[in-house]
Amino acid sequence: MNKKNTFNDFVDATDYLVREHWGAADKVFASGGSAGGLLMGVVANESRHALPRGIVLDVPFVDARDDDARRVDPAHRQRMDAMG
């Protein structure tokens, strides 16, 4: 699943920034809206570290399958395909 790389990349990038002293582990926060909310939801639940310290999910799009099943808009399928 290629989408899983997005989640791992976010955590790895955060780890790198802290390790290289671009940030402090106790001051890392994250925010994501819509599809970014999906990323934040996964990071909050599956991160192998305590990073980030806080997360803001702004209108999280976290249940793509259920949402897709309820949609009748034909253009929705194209948007879902574009999101991965």
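The values are calculated or read from the model by the stated rules, or taken from the named source; none is laboratory data. Here the structure is a predicted model, which is why all the values come from computation and not from measurement. Glycine also receives a Cβ, built like all others from the backbone with ideal geometry; neighbour counts cover every protein chain displayed.
I need the full set of residues from segment 20-54 which are part of a helix (DSSP H, G or I) and either more than 21 Å from ASN5 (Cβ to Cβ) or of a type in the set (Gly, Ala, Ser) (or both), in order please. The answer is ALA25, ASP26, LYS27, ALA35, GLY36, GLY37, GLY41, ALA44.
Quick one: is ASN2 among the polar types (S, T, N, Q) and modelled with pLDDT under 80? In short, yes.
Listed here are the residues, each with its yes/no results for (1) touching a strand residue (DSSP E or B) at 6+ places or on another chain (Cβ under 7 Å); (2) more than 18 Å from ALA82 (Cβ to Cβ); (3) surrounded by 14 or more Cβ atoms within 10 Å (Cβ to Cβ); (4) among the hydrophobic types (A, V, I, L, M, F, W, C).
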site: ASN5; (1), (2), (3), (4): no, no, no, no
site: VAL11; (1), (2), (3), (4): no, yes, yes, yes
site: TYR16; (1), (2), (3), (4): no, yes, no, no
site: ARG19; (1), (2), (3), (4): no, yes, no, no
site: ALA24; (1), (2), (3), (4): no, yes, no, yes
site: LYS27; (1), (2), (3), (4): no, yes, no, no
site: GLY37; (1), (2), (3), (4): yes, no, yes, no
site: MET40; (1), (2), (3), (4): yes, yes, yes, yes
site: ASN45; (1), (2), (3), (4): no, yes, no, no
